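The structure appears below as structure tokens.
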Amino acid sequence: MKKINDVFIIGIDSGYGNIKTANCCFPASVAVYDTEPVFKDNLLVYDGRYYLIGEGHKEFLADKTKDIDYYVLALAAIARELNIRKITSGRVHIAAGLPLTWVSGQRNEFKDYLMQNREVEFSFRGTQYHVEIIGADVFPQGFAAVADRLSEFKGVNMLCDIGNGTMNIMFINDKKPIPGNMFTEKYGTHQCLLAVRENVMRIHHTTVDEAIINRVFRFGTADIKEDYLKTITDTATEYVAGIFQRLREHEYNPELMRLYVLGGGSCLIRNFGVYDENRVTINDDICATAKGYEHLAEVSFIRNGGRL
Amino acid sequence: MTSKRISVRFNLDNPDELKAWEYLHRLKTDSLNKEIISMINASRQNNDLRELLRQTITVALQGMSFQPVEIKSEITESDLAALNFIDSF
């Protein structure tokens, strides 16, 4: 969270798997109740309804404005950031994003969605919040994470942001992003998770807890029997090979360009990919994009002579 | 004249006590007695002053909250390239 004058700029990276802010990360899932639920951990109360943040499973929606979930998740993200500074009210400017190739088509709609109420009253984790949402910016995902360090991108660079739902690809050549050469593929880590489940069921006739799969993704191993681990790692290796195949389809040539990987899926490349470490950079800060949104909102503010 | 006497024993196997013993014997003073009394009083004064400062700062900061104020004064060439790219959408 950044503060300019009396306005808090809060970067919110609304992914399909997790919501990330500059300082927090929580699952992008919501369970809604009309009456107060028994379990109140991460309970958000808004407009007379009860939302358990991090519960249930959110299906992939290409249009994030189709239901109220991403709005409620944005409120939870604002509360998490304000809570760090022990603040419960204030003027907020949201800095958000969309997949690279969806920005131009969905930016205005997503902005309106985030700003559907100027004054918002809600409670989260038992604390009452009153915020005034004075504005919102919608930036391209992935790119935002490196926007403050373009000077490091000398020569030809492919940027690959692997999220839960999508993979975004673009080029930054000689410190300048290339507008006409961007791709969004529905090949996020959720695809890998589904493939692991399917293979474990096919080979071992059982299901494996998602927490174990995510642990293998993140660390390359887990405390489970060798043959189960092998099924998971083999599937992850295949998925990473699929990523590199898609990159090559978009003209990735490791001999002629550098590759910069970021997003929640970057750990899969690190653990299961075969690559030249000198020519591939992996940024595994999952909050990098949210921090980038805040940076872009800040420099945009300066360029506009102090107007957000 | 009312005078009281205490004796202090230094265990030279204890590093703290050895340090204090060596310090006392490095002092160039006419009266070790006067020097020790002066050190005790100075130490009391320092403690009182520290407590006073702590209380003053606590009272002064009551009700205040700290927020980061991070306003960049200028944008770099790299920032401009980033903003131009965003404008292209």
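The values are calculated or read from the model by the stated rules, or taken from the named source; none is laboratory data. Here the structure is a predicted model, which means the values were calculated and not measured. Note that we place each Cβ from the backbone using ideal geometry, even for glycine, and neighbour counts take in every protein chain shown.
Can you tell me which of (1) away from chain B (no Cβ under 12 Å); (2) surrounded by 23 or more Cβ atoms within 10 Å (Cβ to Cβ) is the one A:ILE286 doesn't meet?
Single failed check for A:ILE286: (2).
What is the number of the single condition among (1) under 24 Å from A:ASN23 (Cα atoms); (2) free of Cβ contacts under 8 Å to residues at least 40 places away in the same chain; (3) over 21 Å from the mean Cα position of the chain (by Cα) that A:LYS111 does not meet?
(3)
Being free of Cβ contacts under 8 Å to residues at least 60 places away in the same chain and buried (at least 21 other Cβ atoms within 10 Å of the Cβ) is the filter here, so list the residues in segment A:268-283 that pass it.
Listed by number, the list holds a single entry, A:PHE272.
Within segment A:87-176, considering only strands (runs of 3 or more DSSP E) that don't extend past its boundaries, which have at least 3 residues that are buried (at least 20 other Cβ atoms within 10 Å of the Cβ)?
Here the list reads A:89-98, A:127-140, A:156-162, A:167-173.
Might you let me know whether segment A:256-266 holds any residue that is within 12 Å of A:ALA144 (Cα to Cα) and β-branched (Val, Ile, Thr)?
No, that holds for no residue.
For A:GLY142, are the conditions met, namely being within 14 Å of another protein chain (Cβ to nearest Cβ) and of a type outside the set (Asp, Glu)?
yes
Scanning for something surrounded by 10 or more Cβ atoms within 10 Å (Cβ to Cβ), over 24 Å from the mean Cα position of the chain (by Cα), among the basic types (Lys, Arg) and modelled with pLDDT of 80 or more, does segment B:21-34 turn up at least one residue?
Yes, there is a match, as at least one residue in segment B:21-34 is surrounded by 10 or more Cβ atoms within 10 Å (Cβ to Cβ), over 24 Å from the mean Cα position of the chain (by Cα), among the basic types (Lys, Arg) and modelled with pLDDT of 80 or more.
It is to be established whether one or more residues within segment A:244-257 are among the aliphatic types (A, V, I, L, M), within 26 Å of A:ILE19 (Cα to Cα) and touching a strand residue (DSSP E or B) at 6+ places or on another chain (Cβ under 6 Å).
Within segment A:244-257, none of the residues are among the aliphatic types (A, V, I, L, M), within 26 Å of A:ILE19 (Cα to Cα) and touching a strand residue (DSSP E or B) at 6+ places or on another chain (Cβ under 6 Å).
Yes or no, residue by residue, for (1) modelled with pLDDT of 95 or more; (2) within 14 Å of chain B (Cβ to nearest Cβ); (3) under 20 Å from the mean Cα position of the chain (by Cα):
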site: A:VAL30; (1), (2), (3): no, no, yes
site: A:LEU44; (1), (2), (3): yes, no, no
site: A:LYS64; (1), (2), (3): no, no, yes
site: A:ALA74; (1), (2), (3): yes, no, yes
site: A:ALA77; (1), (2), (3): yes, no, yes
site: A:THR101; (1), (2), (3): no, yes, yes
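If B:GLN55 passes every condition in (1) within 14 Å of chain A (Cβ to nearest Cβ); (2) at pLDDT below 85; (3) assigned to a helix (DSSP H, G or I) but one, which one does it miss?
Going through the list (1) within 14 Å of chain A (Cβ to nearest Cβ); (2) at pLDDT below 85; (3) assigned to a helix (DSSP H, G or I), B:GLN55 breaks only (1).
Quick check, is A:VAL38 part of a loop (DSSP other than H, G, I, E, B), of a type in the set (A, V, I, L, M, F, W, C), more than 14 Å from chain B (Cβ to nearest Cβ) and more than 20 Å from A:LYS86 (Cα to Cα)?
For A:VAL38, the condition - part of a loop (DSSP other than H, G, I, E, B), of a type in the set (A, V, I, L, M, F, W, C), more than 14 Å from chain B (Cβ to nearest Cβ) and more than 20 Å from A:LYS86 (Cα to Cα) - is met.
Given the condition over 21 Å from the mean Cα position of the chain (by Cα) and within 21 Å of A:SER300 (Cα to Cα), answer yes or no: does some residue in segment A:20-28 qualify?
no
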